Amino acid sequence: MRFYSLRMLGGAGLLFAFTWAGLRALDAGLYVSASVAFALAAVAVLSICTLQMRLARTLRDMVSLIRYEDAGRMPRTTYRSRLLQELADELAETFEALKRRIGEENTRLKFYEQLLEQVNFPVFITDRKGTPLWQNRMTGEAIGPTEAALSRLALSAARGERVVRATWQGRPAEVALTANAFSVGGRDLWLLSCKDIGDVLEEKELAAWQKLIRVLTHEVMNSLTPILSLTETVADRTERLAGTSADAALIHQALCTIQRRSEGLLQFVENYRRLARLPAPTLAPVAVDDMMKDMKALFPGPSITWRATPRGITIHADRAQIEQVLINLLKNACEATGDKLDARVSLSFFRRAGEGDHFVVEDNGPGMRPEVAEQAFIPFFTTKEGGSGIGLSLCRQIVRLHGGHIRMTSAEGKGTQVYFMLPLPPTAATPGRA
């Protein structure tokens, strides 16, 4: 802007000189000279005003180009006026620098946005009132797009809660919250992330139950074994005396009863012991269609429907263990429907891209209350008369040993759905659900 500065200084100098000369001529009575001097001063004022108007018009035109054509790029424009050309060049250089800075900021913004989109847990931003402002892809998939759910999580984090009960992928789950407060443009915001810790809690719960089972079975079996051995010995010795007197016969009968109950109790404890010493699965390719055929043979009847989509899928699992899981679930479903005239039980399989292989067992039985369904996988818990309470616990442990997870949803009067997911085989294709 050096030429512009010289032009303005020159114009201001001429204006001052002509005005001073006119005043001196007027004071000396030289009215013609004074008129000429004032006329020249007016020309200097007009020249300065014209210069400013041309600058203002040029700036307006350049701003219009930026606003309506390319906000990040200032075109190089050629002007006849040296002053305007100098102004255009400096504006172009300024806007080129601004373009680079905007480009750098946009690149950085896109980088962080893509980074947050790729993480496998929900990340979202809210204001201090809990109003959602931004969320990544996993937030919609895990929690859902509803603002109410995100607001509840944000307000829970604001209250200092770190583990909350929330809906995760359509099911109740324990969710761990992490919240960070920050400010942008004077506005206070929350950056929140959350993770489903249900699997971690289940793993710790299973470990605790296994430890308890090992201790209990060890103590009970240590006490039962000598009792059973002693009872067998005494029963054998009293057997030949049983016919000699009524008392001897009664003693022998009592000892035989104790022996039978001890054997039954020992077998009962051994069943629970299986939970604590379940062998690691032997993974191998398993054809789903073949496994479905075996299940059909074990559970014949028109009330059970079978579906596998797509056909010809091979999973990576321990066949005997997964079949045991399916048998337990189908047995429970059939018992739940009982003798209903409209009894319906189904076993479905599908492979979901990027997630895993899913098995779903559904029935239209009486269902369960939510608080009962939540306890269904706890060892020893059962709602069936005479049930052992280890069937679903065994299913959960088998599925977890395969690296998957098992879930149950149930509603009174509407039936029950149990589904479990297994990881995809290492070289599996990933067609979508039919």
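Read-outs throughout are calculated quantities, based only on the coordinates presented, and are distinct from any laboratory measurement. What you are looking at is a predicted structure, and each value in this text was computed from that prediction instead of being measured. Every residue, glycine among them, receives a Cβ derived from its backbone with ideal geometry; neighbour counts consider all protein chains shown.
For the range 97-152, what is the Kirkwood hydrodynamic radius in Å, using each pair of distinct C-alpha atoms?
Result for the range 97-152, one decimal place: 12.6 Å.
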Subject >> Integer Hz, Karplus 6.51/-1.76/1.60 couplings in order for the range 229-234, x for Gly and Pro >> reply: 5, 5, 5, 4, 5, 5
Subject >> Positive-end residue of M368, G356, I313, charge dipole of the range 289-386 with Cβ unit charges >> reply: I313
**OP:** For R344, list long-range residues whose amide hydrogen, built 1.01 Å from N in the peptide plane, is under 5 Å from its own amide hydrogen.
**Re:** N364
**OP:** Past 21 Å, Cα to Cα, is the threshold; run K293/K331; K340/K414; K296/K414; K293/K414 against it and keep the listed order.
**Re:** K296/K414; K293/K414
Original post:
Under the Karplus relation 6.51 cos²θ - 1.76 cosθ + 1.60, θ = phi - 60°, what is the ordered set of whole-Hz ³J(HN,Hα) values for the range 315-321, x standing for Gly and Pro?
Top reply: 9, 10, 7, 8, 4, 4, 5
Subject >> Other-chain or far-sequence residues with amide H under 5 Å of V163's (modelled H) >> reply: L177
